[in-house]
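Derivation of every value follows stated rules applied to the coordinates shown; laboratory data play no part. Remember, predicted model here, so these are calculated numbers, not experimental data. Don't worry about glycine lacking a Cβ; one is built from the backbone with ideal geometry, like all the others, and counts go over all protein chains shown.
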């Protein structure tokens, strides 16, 4: 019995070491350990209960899946916390990779490295419970009749015309806060945001906020892509990219996304 | 045309020629400097691409013009209400009846408060704040409350201008009216006010030109007027030319209006001296 | 007595302007107030028309105390016309509109109803062709004549004139004095503050010399101009005559 356990342990270690040897060996900050950073606090639906070790939540699940693809066991994963702003500054990092809904932008890419995207955020419809109670449903026909608002500086403006073609001219604002103020004042029924923003606004900012539905990611012309953030020139990048590719190919990533960003949030897809 | 000039005329003609030559010369020099030197600046090509892009201009100008109709409409319904409220407040400040002192106090407070606040702040507070109390549609419209914010701010200025006009009418005009047995309110209505208002037309025109520009601030609470439309085009095309287009549209309206106000102001100054 | 002034007191702050004025003005009389500037002539006229409230004393108009504090001044002013030194006319109205405004507003008469009597007034004072002119299209003398017509249109019982020729060019004074002369002949009760000593001498029933807010000396023109008793009257007259 003891022998068996020891063997199993040895095998596990061996396979682990072997897998790391493939790509990640010697490239992590601490040998044999993958140090992953996330936000402080990390929140729903990205990390449930601010406890990434539980693997609960979209980003927590993605992190462990990537680690596993790279050959790290769950025990070999260590979590650290970083602020958003500090993470995207240039310089040495105390993590192997960091995930907290970093959009990949050209500007940031000059300072740090991004993995290939693990998530493409779709557009979602932010509204209030009273509008839903008033009969609005997650269908384009129902959406046409609403009074729309959007942040004038985002791609939400052309998408309103492309995806919904509202009957009344939309009202446009300078930033998110103004859009939500107008929604609170009852001047607009609904607003178009990317899903993460919509989730945040409905949970934290808008009283009685609700998300009516989300469009498919490919409906947007330039959707926001989230990537794992790494120090500029980090040799681990190719291993991380390979891991994500294989998670995409196997359908595992889509599974995680469906579980945490559609089923858990209960945001239906608008068709 | 061989007429002999007097010595004075000849001197003045020489002076005029000299002045004209100098004015033309310096203007040409400045223009040449602008046309030649600016394009030599290292960033000129980039600036030209993002601010003076003919293609973007042609594509966005009709849309901007269309959005400007909303600016004109907001101006058109605000202006008469501003004039009325401004007049009412100016008259309230002139109330001498002690029983109505609260009205006078209110008028003073009102002009102090609204002249002391940035327009955009008032638009935010009223445009989002009052509808936030739970008014039903269409009474929570940003058009209504945003316009009210503009009206409140500008009427405070107009009231002050009208009041200064009332004070500029000579006291003996009021005496003359009262000595005829007219009531104080008739003296104000038929004698003082008509003169006061005539005198402050140019000053008020300047206020209304400023209003025409400040209408764009309503875009902060939702209405897609020309400034917001230009911003949308800017985001879509990553190009600032739409703002230049909007500026041109504004100037087409405000420059003639400013010139006209100056003309009225000059005429009045001449009439008075 | 049409108008009786009794111990009129008036100060602006600590500056005593009228200091115990007593004066009786009979029907059809013409009273001239003379004196240096600042002697209180204008203030006295303004008090008589209730444009300035008096501090103490009383003003009686046909037996009614019109200086009662709190009394509505409008009906009184309709009975007492007043013409000022300058800025009389309303510059934004034609001469005829200037004249019609008060009757329209206080007596509720329409323009149509007023047209005939107002035209007659203009006619009477040689202004028939000036009815539709604006004040700035009239000479100073014409403006003052229109101002007189405007006061007369209210059919007052007494007329007050506050140095109405002082701001005029000398050649225009005569036409205005002619109007006053005509009113005098028609029996209008008049009180004038004036610097036109010749005119006062010719037509006044009573001349009052005001000095420091008091009537220092009053009497017929011949008494005042030929045999003044007070030194201050003499020295004033020697300066202006």
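Taking chain C as the region of interest, what is the percent of Cα-Cα pairs per 10 angstrom bin, listed from the shortest bin to the one with the maximum distance? P(r) for chain C, in whole percents per bin: 7, 31, 36, 21, 5, 0. Using only the alpha-carbon atoms of the protein assembly as shown as identical scatterers, what base-10 log of I(q)/I(0) does the Debye formula give at q = 0.10, 0.11 Å⁻¹? Debye output, listed in q order: -1.09, -1.20. Dividing the convex hull volume of the alpha-carbon atoms in the range B:205-273 by its residue count gives 70 Å³ per residue.
Relative to the dominant Cα principal axis of chain A, helix A:58-69 is inclined by about 30°. Across chain A, Cα pairs under 8 Å and at least six residues apart give a relative contact order of 25 percent. In the Gaussian network model of chain C, springs joining C-alpha atoms below 10 Å, which of C:86, C:67, C:14 carries the largest mean-square fluctuation? Taking springs between Cα atoms under 10 Å, the residue moving most is C:14. Relative contact order of the range B:53-272, taken over Cα pairs closer than 8 Å and 6 or more residues apart, is 30 percent. Just to be sure I follow: if Rg is taken over the C-alpha atoms of the range B:104-186 and Rh is the Kirkwood radius over the same atoms, what is Rg/Rh? Answer for the range B:104-186: 1.21.
Sorting the segments A:258-268, C:88-98, A:178-188, A:89-99 by their residues' average number of neighbouring beta-carbon atoms within 10 angstrom, most packed first, yields A:178-188, C:88-98, A:89-99, A:258-268. Taking every residue in B:170-178 and counting other chain Cβ atoms within 10 Å of its Cβ, the average works out to 6.
Structural descriptor for chain C: relative contact order 27 percent, calculated from alpha carbon pairs under 8 angstrom and at least 6 residues apart. With the Cα gyration tensor of the range A:138-222 giving a ≥ b ≥ c as the square roots of its eigenvalues, does the rule (a/c under 1.5 for rounded; else a/b larger than b/c for prolate; else oblate) give rounded, prolate or oblate? Because its axes are fairly even, with a/c under 1.5, the range A:138-222 counts as rounded. Taking the alpha carbon gyration tensor of the range B:53-272, multiplying each eigenvalue by 5 and rooting it gives semi-axes of 39, 23, 11 Å, largest first.
As an equivalent ellipsoid, the range B:141-246 spans semi-axes of 44, 14, 7 angstrom, where each value is the square root of five times an eigenvalue of the C-alpha gyration tensor, largest first.
In the distance distribution for the range B:63-138, Cα-Cα pairs more than 14 Å apart total 75 percent. Expressed in Å, the radius of gyration and Dmax of the Cα atoms of the range C:1-66 are 11.6, 37.
Normalised by residue count, the range C:194-241 yields a Cα convex hull volume of 71 Å³ per residue. By the helix-only formula, in which each DSSP H run with n ≥ 4 contributes -39500 (n - 2.57) and the sum is divided by residues, the protein assembly as shown has a 222 nm mean residue ellipticity of -15500 deg cm²/dmol. Among C:227, C:165, C:189, the largest mean-square fluctuation in a Gaussian network model of chain C (Cα springs under 10 Å) belongs to C:227. Principal-axis analysis of the Cα atoms of chain A puts helix A:237-250 at an angle of about 70° to the longest axis. Let me know the shape class of the range A:200-271, please: from the alpha-carbon gyration tensor, a ≥ b ≥ c as square roots of the eigenvalues, rounded when a/c is under 1.5, otherwise prolate if a/b is greater than b/c, or oblate. Cα axes put the range A:200-271 in the prolate bin. Peptides A:245-254, B:73-82, A:227-236 ranked from most to least packed give A:227-236, B:73-82, A:245-254, packing being the mean of other C-beta atoms within 10 angstrom over each peptide's residues.
Specify whether the C-alpha gyration tensor of the range B:1-131 places it in the rounded, prolate or oblate class, a ≥ b ≥ c being the square roots of the eigenvalues: rounded for a/c under 1.5, otherwise prolate if a/b is larger than b/c and oblate if not.
Note, shape of the range B:1-131 comes out oblate.
Here the convex hull built on the C-alpha positions of chain A has a volume of 139 cubic angstrom per residue. Could you check which residue among C:35, C:20, C:213 shows the biggest mean-square fluctuation in a GNM of chain C with a 10 Å Cα cutoff? Residue with maximal mean-square fluctuation among C:35, C:20, C:213: C:20.
Take each residue of peptide B:129-138, count the partner chain Cβ atoms within 10 Å of its Cβ, and average: the result is 3.
The mean number of Cβ atoms from other chains found within 10 Å of a Cβ in peptide C:103-113 is 2, as a whole number.
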